[in-house]
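The values are calculated or read from the model by the stated rules, or taken from the named source; none is laboratory data. These numbers were taken from a predicted model, which means no experiment stands behind them. As a convention, Cβ positions derive from the backbone with ideal geometry for all residues, glycine included, and neighbour counts pool all protein chains shown. The protein model used for the area step is the full one, side chains on, heavy atoms only, and it has no ligands, DNA or RNA in it. Shrake-Rupley method; radii C 1.70, N 1.55, O 1.52, S 1.80 Å.
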Amino acid sequence: MNGAVIELQAAAAEGCTTAPVHRERGQREVFCGLTGIVWLHRKIQDAFFLVVGSRTCAHLIQSAAGVMIFAEPRFATAIIDERDLAGLADAQDELDRVVTRLLQRRKDIRTLFLVGSCPSEVIKLDLSRAALRLSQRFAPQVRVLNYSGSGIETTFTQGEDACLASLVPGLPAQNGDAPPSLIVAGALADVVEDQFARLLAQIGIERVGFLPARRSDAMPAVGPNTRFLLAQPFLADTARALEGRGARRIGAPFPLGVEGTTRWLEAAAAAFGIDPATVASVTAAARARATAALQRQRGVLEGKSIFFFPDSQLEPPLARFLSRELGMRLTEVGTPYLHREHLAEELALLPSEAWLSEGQHVERQLDRCRAAQPDIVVCGLGLANPLEAQGLTTKWAIELVFTPIQGYEQAADLAELFARPLRRRALLAA
Ligand code: SF4
């Protein structure tokens, strides 16, 4: 490590429940877990993400973050250079110096994440030891945590899982005799979080916290009277960590589309002894609005076929939404990892003819995709250009993670993400 903090330019029981899943292992074409920093740094407003990595890592976040310019950046990369790779420098000492300088300069930071990468793993830099040491040094103003976003260990949404799981041990403890509370786990755009907070309050669930919270001192308490509801399907480690603190998961489909959102809210309500009729009356207006708004995209999407490459783990709930609410035909639904327990309600809703695949062997999958000739393909940036060049219409998987897509008010926006490329293709062909 050359000691420099490089400030990035961004300165800144039916359905598919028992269906066989095709498993593949081979070359993958997926972003690494560092990508999650792009949306997480916007969500936790007093956190800072220090990637301990290479210039490649800095470049990845920079390009994923696009052209966003922040006066006060909330992420940076501490570059590991050849001296470190050759074992010539004491990387722990260097890291201490970088962190000390950063925290002296940035008094607004309350949580500092040391984010591991492929290079830090290669030199076996123990970031958990560094986080513990630095946490003790800077307590109580700053908590220093660590997780890995390395491409060796994580695909792009697993970075968020690792980040949220690292927050769980530090959540305040809820007493055993505390009234029941709900944690909604998974980073949501603020606008979506506000809508859900309002709906859950109107339904009658009084104590609701979100993980992550927008500020480090507002993270929700957890204990045996906590139930949690996943807002994202890629949070296996976070769920395990919450269960380790005594919380219990509420099984539900994910809040994508009108049906997914309603069933998600109903599951939360049921866990708090509130009947579906209450949910129905609270959500009636929003449901009607969203259903009407979806009609426009239904005209474009109905009967069209879609093929998912495995990227985000959002694929099964997206496929369920597109097939059941918009009448799309599913050719292949690929997902990097299929968590059967967390996705049980989704699998039950997927049409039984959906072809599910888990993992990736990119060449074989490309062959299947070309043979299927779907109307639209959801894939990573690396595959989109070659597929477009072969005449296929594509949608970038990463956009589905950056865009607010959950909840009633966003259902039509979500459908539009698929309708727009098809409309554009139709215009070009006309
Ligand atoms: Fe590349 Fe690994 Fe850095 Fe991700 S963590 S940008 S895969 S070197």
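Assorted remarks:
- Taking 0.36 nm per residue of separation and subtracting the current Cα-Cα distance, fully stretching the chain between residue 56 and residue 21 would add 9.1 nm.
- The GluC sites (Glu not before Pro) of the stretch 144-207 meeting both criteria, a DSSP state outside H, G, I, E and B (loop) and at most 14 other C-beta atoms within 10 angstrom of the site's C-beta, are 206.
- Theoretical FRET efficiency, 1/(1+(r/R0)^6), r = Cβ-Cβ of residue 372 and residue 288, R0 35 Å, to 0.05: 0.45
- Computed from backbone phi, the HN-Hα couplings of the stretch 290-299 come to 5, 5, 5, 5, 6, 4, 4, 6, 4, x Hz, rounded to whole numbers (Karplus: 6.51 cos²θ - 1.76 cosθ + 1.60, θ = phi - 60°; Gly and Pro given as x).
- Only beta bridges with both residues in the chain are counted; by DSSP, about 10 percent of them are antiparallel.
- Taken over the Cα atoms of the stretch 193-250, the convex hull encloses 95 Å³ per residue.
- Here the chain is treated with +1 on each Lys and Arg Cβ and -1 on each Asp and Glu Cβ, and its dipole about the Cα centre works out to around 520 debye.
- Hull shadow area, averaged, the chain [alpha-carbon convex hull, nm²]: 21.1 nm²
- Applying 1/(1 + (r/R0)^6) with R0 = 51 Å to the Cβ-Cβ distance of residue 353 and residue 175 gives a FRET efficiency near 0.55.
- Cα gyration tensor shape for the stretch 141-258, rounded if a/c is under 1.5, else prolate or oblate: oblate
- Rounded if a/c under 1.5, otherwise prolate or oblate - the stretch 135-200, Cα gyration tensor axes: oblate
- Charged neighbours of residue 326, selected by a Cβ distance under 9 Å, balance to +1 (K, R count +1; D, E count -1).
- Cβ-placed point charges (K, R +1; D, E -1), dipole of the stretch 115-229 about Cα centre in debye, nearest 20: 360 debye
- The candidates 57, 118, arranged from most to least accessible area with a 1.4 Å probe in the full protein assembly, appear as 118, 57.
- Net charge dipole, the stretch 286-430: roughly 560 debye, given to the nearest 20, about the Cα centre with Cβ charges of +1 for Lys and Arg and -1 for Asp and Glu.
- Interchain or long-range residues, amide H under 5 Å from residue 355's placed H: 333
- For the stretch 40-47, Karplus couplings with θ = phi - 60° (6.51, -1.76, 1.60), whole Hz, Gly/Pro x: 5, 5, 7, 7, 8, 6, 10, 9
- By accessible area with a 1.4 Å probe, ligands and nucleic acids excluded, highest first: order of 157, 17: 17, 157
- Shape category assigned to the stretch 98-147 from the gyration tensor of Cα positions, a/c cut at 1.5: prolate
- Residues whose amide H falls under 5 Å from that of residue 378, counting only those 5 or more places apart or on a different chain, are 307, 308, 309, 395, with hydrogens built in the peptide plane.
- A Förster radius of 56 Å combined with the Cβ-Cβ distance from residue 45 to residue 430 puts the calculated FRET efficiency at roughly 0.75.
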